[in-house]
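Each remark here refers to the structure printed beneath this line.
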Amino acid sequence: MRIASGGVTDMGRVRTNNEDCYKIVEPLNLFVLSDGMGGEAHGEIASAMAVETVVKHCLDLETNPAARVIGAVQPSWNAQTKRLSTAVHLANESIFKSAEEQPEQHGMGATLTAAWIAGAKLSVAHVGDSRAYLLRGGTLLQLTRDHSLVAEQVRRGILTAAEAEESDMQSVLLRALGAQKEIEVDAEEHTLFPRDVLLLCSDGLTRVVTDPEIAGTLQAQTEPLRAAEKLVELANERGGPDNITVLIVRLEKDSNGWFSWLRGGAYKNQSSNGSAGGN
């Protein structure tokens, strides 16, 4: 399959700084997004640290395939999923240690949502309330589960989804990188097909733009970067109350087959990133 991707981050209309950070590593088909928290510049530090730690550990797979695995893993997981889950654990350790050693960083943390595509297999690892979605056949499926107080209350039947959207407690996370020395990481694998569209986003999008609106935009705009820009524009039209980051990955059947894939090796060192978002 041929993979096209694009990402946009924006401060929004209310915040005075952007604590979101993302990176697209094209040679690996690795996509990482983090939403920092902690006030002043500390959220920016946490999110940047999370993204860079995950990217570095995943890039080291070829040179150090035997690196230790951290946290619970499923025997059926492939090497990429195990590596990605471990990378998120390492990001948590780095943020927690930095905040512990530097008092001014106390309380900083970050969400982390990462996707890694290897062939037709998608690996996803996640902590917090940034999200990963999959659009397939016109249906938008949320792949990740929000680790927030209101989301847990909805799952337990304490709140309705509508009540959760109006709650003043939406920003309260039950799980975030850096909050504790050890963290539980959600990780899973999915099989991808041509025409699938993957979306990673911070809650600055999902708090003001509905799932049907997201699906409609992804269907109407087939160029990933332009689709990401349109979603950010829509969030800002709704007041832009938080930082907004959107990464979109579109999969198409590669008409050139294996030769095109081989030729893609020439782009081994390409990557893109953006930073500038928070809870």
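The values are calculated or read from the model by the stated rules, or taken from the named source; none is laboratory data. As the structure is a prediction and not an experimental result, all values here were calculated from the model. Every residue, glycine among them, receives a Cβ derived from its backbone with ideal geometry; neighbour counts consider all protein chains shown. Side chains included, ligands, DNA and RNA excluded: accessible areas come from the protein's heavy atoms. Shrake-Rupley method; radii C 1.70, N 1.55, O 1.52, S 1.80 Å.
Scanning region 175-187 finds no residues that are part of a loop (DSSP other than H, G, I, E, B) and over 30 Å from Ile70 (Cα atoms).
Every listed requirement among (1) assigned to a loop (DSSP other than H, G, I, E, B); (2) under 20 Å from the mean Cα position of the chain (by Cα) is met by His57 save one, (1).
Remark: His106 matches the filter, which requires a residue to be under 27 Å from Arg207 (Cβ atoms) and surrounded by fewer than 22 Cβ atoms within 10 Å (Cβ to Cβ). Just one of the listed residues (Pro75, Pro27, Pro65) is exposed (fewer than 15 other Cβ atoms within 10 Å of the Cβ), over 30 Å from Arg226 (Cα atoms) and in contact with a helix residue (DSSP H, G or I) (Cβ under 8 Å, 6 or more places away or on another chain), namely Pro65.
Would you mind stating whether Ala114 is in a helix (DSSP H, G or I) and in contact with a strand residue (DSSP E or B) (Cβ under 7 Å, 6 or more places away or on another chain)? Taking the combined requirement at face value, the residue does not satisfy it. Only one entry in Gln80, Gln102, Gln74 is under 27 Å from Asp254 (Cα atoms) and of a type in the set (S, T, N, Q), namely Gln80. Considering only residues that are touching an Asp or Glu at 6+ places or on another chain (Cβ under 9 Å) and more than 24 Å from Pro241 (Cβ to Cβ), look in region 156-185 and name the one that is surrounded by the most Cβ atoms within 10 Å (Cβ to Cβ). Among them, the one singled out is Ile183. If I filter region 127-142 for residues that are open to solvent by 30 Å² or more (accessible area, probe 1.4 Å) and among the hydrophobic types (A, V, I, L, M, F, W, C), do I get at least one hit? Among the residues of region 127-142, at least one is open to solvent by 30 Å² or more (accessible area, probe 1.4 Å) and among the hydrophobic types (A, V, I, L, M, F, W, C), which makes the answer yes.
In region 111-120 there is no residue matching the filter, namely being touching a Pro at 6+ places or on another chain (Cβ under 9 Å) and either modelled with pLDDT of 95 or more or surrounded by fewer than 20 Cβ atoms within 10 Å (Cβ to Cβ) (or both).
Quick one: which residue in Gly36, Gly71, Gly6 is part of a loop (DSSP other than H, G, I, E, B) and either on the phi > 0 side of the Ramachandran plot or modelled with pLDDT of 95 or more (or both)? Exactly one residue qualifies, and that residue is Gly71.
Can you tell me which residue within region 25-36, out of those that are under 15 Å from the mean Cα position of the chain (by Cα) and not charged (D, E, K, R), is farthest from Gln80 (Cα to Cα)? So, considering only residues that are under 15 Å from the mean Cα position of the chain (by Cα) and not charged (D, E, K, R), the one farthest from Gln80 (Cα to Cα) is Gly36. Within region 12-24, if we keep just the residues that are closer than 18 Å to Asp129 by Cβ and within 15 Å of the chain's Cα centre (by Cα), the residue that is surrounded by the most Cβ atoms within 10 Å (Cβ to Cβ) turns out to be Asp20.
Among the residues of region 78-97, the ones that are touching a helix residue (DSSP H, G or I) at 6+ places or on another chain (Cβ under 7 Å), open to solvent by less than 20 Å² (accessible area, probe 1.4 Å) and under 21 Å from Ser202 (Cβ atoms) come to 5 in all.
If you go through region 24-61 and keep only what is among the small types (Gly, Ala, Ser) and over 15 Å from His126 (Cα atoms), you end up with Gly38, Gly39, Ala41, Gly43, Ala46, Ala48.
Residues that are in a helix (DSSP H, G or I) and of a type in the set (D, E, K, R) were ranked within region 155-173; the one that is nearest to Thr206 (Cα to Cα) is Glu165.
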